[in-house]
């Protein structure tokens, strides 16, 4: 049985978000993904590039150098690399060492993120990028941020896979007693896990009341839903919303309500740090930019509360080195997410016997 | 990237001759084989003149099979001794090998590939051909040049993968390969992967450099074992030390200098880094520049040579090293 508390492993053969689209420009950006330093930049023609951020020669991060058009110039001895990672110039010699190159990682821009594949490049299939289409779907509006959290990425996935914590961590905005009391269902397949919770005929919490009123002026009771979907290894989309009670939302008619998606994808940096990319997209009032900004800042405040909890949890894990987590009924979704991820890691670490 | 070697114990699990003088050797690490990417090689600890040395061999295929790595070794009479040792191995013998490491990585972002092999240089390209066919929608052509089919391993295996895109050239029958023919199968977007004997690689590299195509679209891997002349014993005079040493047929000048107690700096030992260069004062024979460090122009000037791989044929040599202390 693997430890839940200290299992810090991550699969290498997966797409990880390394940056928001706007962060990658024709300039050098350093990021760390799966314990590896990477260099991101955008070519003049707009294509993103991801290279190993360590010079072939003396390992200085190439991000400390400069970009000359699409060529990276090392800031130490001036070795130059093209966007494939091949060395194109060496100082004081007329030839170039044939083995001189840095690794170029498969990189794709999709759903407003720049995704990198750190494992075997032959397996990098664009179809495996997790579905976060709400981020740039014209029927939806939203925005988000990235926060660096000083905790293992699995703790963030745990956090998102059970929303009971809303009642205690986010009591003033989205959490109330219904979230802890309503029953929930857990389903899973080989690559996904879903936790679905419906709260029927309730008074909406303050946040949802204000959002619903942007569409329908009402004081009526609502049906509220939270459908959490995990896509291995570390993407969690949460379908959330409220609709007027009795208008058929649980059966699929959400027309008398408002719907949002909390889009989360978490990228391991090291075993104790991660990049947490999140966004909130909505399907109502979508032309209202001030609503978008307000929501982004609102969610940002909510997630800051999670950040404090998660970092404190990581410190506690480190300070209690031999302790194991206990698991509750509410942890089923998180545990399926962990088991699916563990299987991915196991499969790729298996030696050929 | 250069990785530190972790040496592991492996057993010879199978031996099969794949062509005249080409032996396929399957090596099974005791703890199982690691996954690798095509173009990778392993280092093998070999014994030459009772001393351990390191030789690199490309891995055949796209993955380890039944927990074992597959390599192929050509027996070269004129070798530095590595192939001779490898040919003494028998099934169940135990040897030390490194983890796989890749200095010849395939770029997956290419839609058109041309693989060019000369002789035993086929070894890293077998896996590349299989990988591209398996994983990629890309076009892949291969030019495989050898003496005649009996000397060339893996022809059937490659035919099965590549069909008509395998272009064989037998120099016994077809004569010398005309290097400009590679351009029948290349365009400005073609990614070219080249491995073979020195003269062959030099000719193709030169043709490529003179073409309008991007230099960086040609990738090649060296294995530092071939030259324009067969290796011969030669004498090296060092006037500064008032010494004369002999470089044996199966020994590098670098090793001979070291054994004579003359310090020379070196690193890669395959003619890539240039650290072992010595000044040529005089030469009565032909200098066989086998390195990839000096440019063609520098090689013609014959002022310096790489002691690790380059040799002299049909004569003797007078050199100076960088030592400026008291003799």
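Descriptive notes on the structure:
- Only one of B:29, B:35 that is modelled with pLDDT of 95 or more, more than 23 Å from residue B:146 (Cα to Cα) and within 11 Å of chain A (Cβ to nearest Cβ): B:29
- Look at (1) assigned to a loop (DSSP other than H, G, I, E, B); (2) more than 14 Å from chain A (Cβ to nearest Cβ); (3) within 27 Å of residue B:325 (Cβ to Cβ) and you find that residue B:232 fails only one, number (3).
- The test for being outside any strand (DSSP E or B), at pLDDT 95 or above and in contact with a strand residue (DSSP E or B) (Cβ under 8 Å, 6 or more places away or on another chain) holds for residue B:91.
- The residue of the stretch B:1-26 that is surrounded by the fewest Cβ atoms within 10 Å (Cβ to Cβ), among those that are modelled with pLDDT under 95 and out of contact with any strand residue (DSSP E or B) (no Cβ under 9 Å at 6 or more places or on another chain), is B:4.
- Considering residues of the stretch B:272-285 that are touching a residue at least 12 places away in the same chain (Cβ under 8 Å), in a loop (DSSP other than H, G, I, E, B) and more than 10 Å from chain A (Cβ to nearest Cβ) only, the residue surrounded by the fewest Cβ atoms within 10 Å (Cβ to Cβ): B:284
- When B:299, B:304 are checked against the criterion of being closer than 30 Å to residue B:179 by Cα and without any contact (Cβ under 8 Å) to a residue 24 or more places away in the chain, a single residue qualifies: B:299.
- Filtered residue count, the stretch A:106-124, keeping only those that are surrounded by fewer than 24 Cβ atoms within 10 Å (Cβ to Cβ), closer than 21 Å to residue B:102 by Cβ and either under 14 Å from the mean Cα position of the chain (by Cα) or at the interface with chain B (Cβ under 9 Å from one of its Cβ atoms) (or both): 6
- Taking strands (runs of 3 or more DSSP E) as the structural unit, those lying wholly within the stretch B:1-71 and holding at least 1 residues that are more than 24 Å from residue A:124 (Cβ to Cβ) and in contact with a helix residue (DSSP H, G or I) (Cβ under 6 Å, 6 or more places away or on another chain) correspond to B:8-19, B:40-48, B:51-58.
- A count restricted to the stretch A:125-176 and to residues that are without any contact (Cβ under 8 Å) to a residue 24 or more places away in the chain and surrounded by fewer than 20 Cβ atoms within 10 Å (Cβ to Cβ) stands at 8.
- Hits in the stretch B:202-251 - residues which are farther than 26 Å from residue B:181 by Cα and out of contact with any strand residue (DSSP E or B) (no Cβ under 8 Å at 6 or more places or on another chain): B:241, B:242, B:248, B:249, B:251
- Once the stretch A:88-105 is narrowed to residues that are surrounded by 21 or more Cβ atoms within 10 Å (Cβ to Cβ) and in contact with a helix residue (DSSP H, G or I) (Cβ under 9 Å, 6 or more places away or on another chain), the residue that is farthest from the other protein chains (Cβ to nearest Cβ) is A:105.
- The residues in the stretch B:303-318 that are in contact with a strand residue (DSSP E or B) (Cβ under 7 Å, 6 or more places away or on another chain), crowded, with 22+ Cβ neighbours inside 10 Å and farther than 9 Å from residue B:277 by Cα can be counted, and the count is 4.
- Members of the stretch B:81-126 found to be over 30 Å from residue B:247 (Cβ atoms), away from every other protein chain (no Cβ under 14 Å), buried (at least 20 other Cβ atoms within 10 Å of the Cβ) and more than 16 Å from the chain's Cα centre (by Cα), listed by number: B:114
- Spans of strands (runs of 3 or more DSSP E) in the stretch A:1-86 with at least 1 residues within 30 Å of residue A:333 (Cα to Cα) and in contact (Cβ under 8 Å) with a residue 24 or more places away in the chain: A:15-20, A:29-33, A:36-42
- Which numbered condition residue A:308 misses (of (1) modelled with pLDDT under 95; (2) under 22 Å from the mean Cα position of the chain (by Cα); (3) within 29 Å of residue A:34 (Cα to Cα)): (1)
Results for (1) touching a strand residue (DSSP E or B) at 6+ places or on another chain (Cβ under 8 Å); (2) assigned to a helix (DSSP H, G or I); (3) within 14 Å of chain B (Cβ to nearest Cβ), shown as yes or no for each residue.
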residue	(1), (2), (3)
A:261	yes, no, no
A:265	yes, no, no
A:290	no, yes, no
A:305	no, yes, no
A:313	no, yes, no
A:317	no, yes, no
A:334	no, yes, no
A:337	yes, yes, no
A:343	no, yes, no
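Per-residue answers, yes or no, for (1) crowded, with 18+ Cβ neighbours inside 10 Å; (2) at pLDDT 95 or above; (3) assigned to a helix (DSSP H, G or I):
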| residue | (1), (2), (3) |
| --- | --- |
| B:137 | no, no, no |
| B:142 | yes, yes, no |
| B:150 | no, yes, yes |
| B:153 | yes, yes, no |
| B:158 | yes, yes, yes |
| B:163 | no, yes, yes |
| B:172 | no, yes, yes |
| B:176 | no, no, no |
| B:183 | no, yes, yes |
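- The condition of being under 30 Å from residue B:209 (Cβ atoms) and at pLDDT below 95 holds for only one of B:252, B:310, that being B:252.
The values are calculated or read from the model by the stated rules, or taken from the named source; none is laboratory data. Here the structure is a predicted model, which means the values were calculated and not measured. Counting neighbours? That spans all protein chains shown, and the Cβs are built from the backbone with ideal geometry, glycine included.
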